[in-house]
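Structure first, commentary second.
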Amino acid sequence: MSRRRFLATTATALAAAPLAGCLAPVPHARTRASAAGEGPIDAPAFHAMRRWQVTPQGRIAYVERGRGDVALFLHGFPLNGFQWRGALERLSDRRRCIAPDFLGLGYSEVAPGLAVTPDAQVAMLVAFLDAQSIRAVDLVANDSGGAVAQLFMTRHAERVRSLLLTNCDVETDSPPPAVLPVIELARAGRFADEWLAPWIADKALARSPTGLGGLCYADPSHPDDAAVDTYIGPLVASPERKALTNAYAIGLAPNPLAGIEAALRRSRVPTRIVWGMADTIFSTQDPDYLDRTLGASRGVRRVPDAKLFWPEEFPDIVAGEARALWSA
């Protein structure tokens, strides 16, 4: 398997199967403390923290920690809100940090017949925030979540105080060439079965140079067994969930960001760009494109040796950059 097997945003509709079997049991005392807002967020704590918000798009799974103004964290593919656990731990003293799972990924349950395209994700986020009476947010996004964040910001600028973008799609690199084989496999209905399911069966394969770990993480010990189960388990839990996973990947084409450049230039939302320079999925030129295009760019920080999912590995960088942006 090559690095071309990754990345996607979202696509056609299908019904989601119940996810009760994917949920972890109620954990021990330390995990209960984590769920209450203390200590690290490990996998059992993440499952214990999970809440659901009913929206027209389905029952949206999310976790949150902290109080005050809301920061909304948008994850990558094929991940879920667990990606942001370290950031939530570090930033909950400054914000009410919320990490939802996208339609078709994680533990969210999609309404029957609903699309899971990037446009549908934006509509879901609006409905989610409305249901919680949240007027505006600070957005933090990675990977396909970055594409959704750009769409959300340009369509609902009044609801975005700031945007922190990490490695993600940009209009001139969406989908990137590395992702085209993923889209074709998904269209053939084979992506979830042929590339994701084997990682559940063989966690070492998931961490191998040709697996999720080698492609998207700098540390060869990542993702650990619990993270593989948390990320991939729900995506291959049933034929219905596999179909939704494939649909999410199909949604990357045609380019969901086509025509967005003019709106990005008009944007007055303060935006900071932080980019892992060892990423083999997105171009190392993409952050420069964003910097010169965004009307209110606050510049670029480059993280040497960091790959696509670096925000999970280096949450201190996310936290430091977020605090600086929010204080500006």
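The values are calculated or read from the model by the stated rules, or taken from the named source; none is laboratory data. Given the structure is predicted, the values throughout are model-derived calculations rather than measurements. Neighbour counts are summed over all protein chains in view; Cβ atoms, including those assigned to glycine, are modelled from backbone coordinates with ideal geometry.
Looking at the structure I just gave you, is THR230 among the polar types (S, T, N, Q), closer than 19 Å to GLN83 by Cα, out of contact with any Leu (no Cβ under 6 Å at 6 or more places or on another chain) and touching a residue at least 40 places away in the same chain (Cβ under 8 Å)?
yes
Considering only segment 262-285, I want to know if a residue exists there that is over 17 Å from LEU165 (Cβ atoms), in contact (Cβ under 8 Å) with a residue 60 or more places away in the chain, among the aromatic types (Phe, Trp, Tyr) and in contact with a helix residue (DSSP H, G or I) (Cβ under 8 Å, 6 or more places away or on another chain).
no
Please list, ordered by residue number, the helices (runs of 4 or more DSSP H) wholly in segment 244-315 having 2 or more residues that are in contact with a Leu (Cβ under 8 Å, 6 or more places away or on another chain).
261-266, 286-293
Report yes if GLN150 is closer than 21 Å to ARG241 by Cβ, in contact (Cβ under 8 Å) with a residue 60 or more places away in the chain and buried (at least 24 other Cβ atoms within 10 Å of the Cβ), otherwise no.
Judged against the criteria, GLN150 is not a match.
So, GLY76, is that one within 17 Å of VAL318 (Cβ to Cβ), modelled with pLDDT of 95 or more, surrounded by fewer than 24 Cβ atoms within 10 Å (Cβ to Cβ) and under 17 Å from the mean Cα position of the chain (by Cα) or not?
no
The conditions are (1) without any contact (Cβ under 8 Å) to a residue 60 or more places away in the chain; (2) among the acidic types (Asp, Glu); (3) out of contact with any strand residue (DSSP E or B) (no Cβ under 7 Å at 6 or more places or on another chain), and GLU313 fails exactly one of them. Which is it?
Single failed check for GLU313: (1).
Please pick out the residue among LEU114, LEU88 that is surrounded by fewer than 23 Cβ atoms within 10 Å (Cβ to Cβ), touching a residue at least 12 places away in the same chain (Cβ under 8 Å) and among the hydrophobic types (A, V, I, L, M, F, W, C).
Being surrounded by fewer than 23 Cβ atoms within 10 Å (Cβ to Cβ), touching a residue at least 12 places away in the same chain (Cβ under 8 Å) and among the hydrophobic types (A, V, I, L, M, F, W, C) holds for just one of LEU114, LEU88, which is LEU114.
For VAL70, are the conditions met, namely being closer than 17 Å to SER162 by Cβ and surrounded by fewer than 22 Cβ atoms within 10 Å (Cβ to Cβ)?
It is true that VAL70 is closer than 17 Å to SER162 by Cβ and surrounded by fewer than 22 Cβ atoms within 10 Å (Cβ to Cβ).
Of all residues in segment 159-175 being touching an Asp or Glu at 6+ places or on another chain (Cβ under 6 Å) and of a type in the set (Asp, Glu), which is farthest from PRO270 (Cα to Cα)?
ASP173
Which members of segment 213-231 meet the condition of being part of a helix (DSSP H, G or I), closer than 20 Å to MET277 by Cβ and not small (Gly, Ala, Ser)?
Across segment 213-231, the qualifying residues are LEU215, CYS216.
Return the total of residues in segment 268-295 being within 23 Å of ARG159 (Cα to Cα) and surrounded by 14 or more Cβ atoms within 10 Å (Cβ to Cβ).
Residues flagged as within 23 Å of ARG159 (Cα to Cα) and surrounded by 14 or more Cβ atoms within 10 Å (Cβ to Cβ) within segment 268-295 amount to 10.
Name the pairs whose Cβ atoms lie under 8 Å apart, with the first residue in segment 32-50 and on the phi > 0 side of the Ramachandran plot and at pLDDT 75 or above, the second outside any loop (DSSP other than H, G, I, E, B) and of a type in the set (A, V, I, L, M), and 6 or more positions between them or separate chains?
GLY39/ALA33; GLY39/ALA45
Which of the residues that make up segment 97-151 are more than 19 Å from LEU308 (Cα to Cα) and assigned to a strand (DSSP E or B)?
CYS97, ILE98, PRO100, GLU109, VAL110, VAL116, VAL137, ASP138
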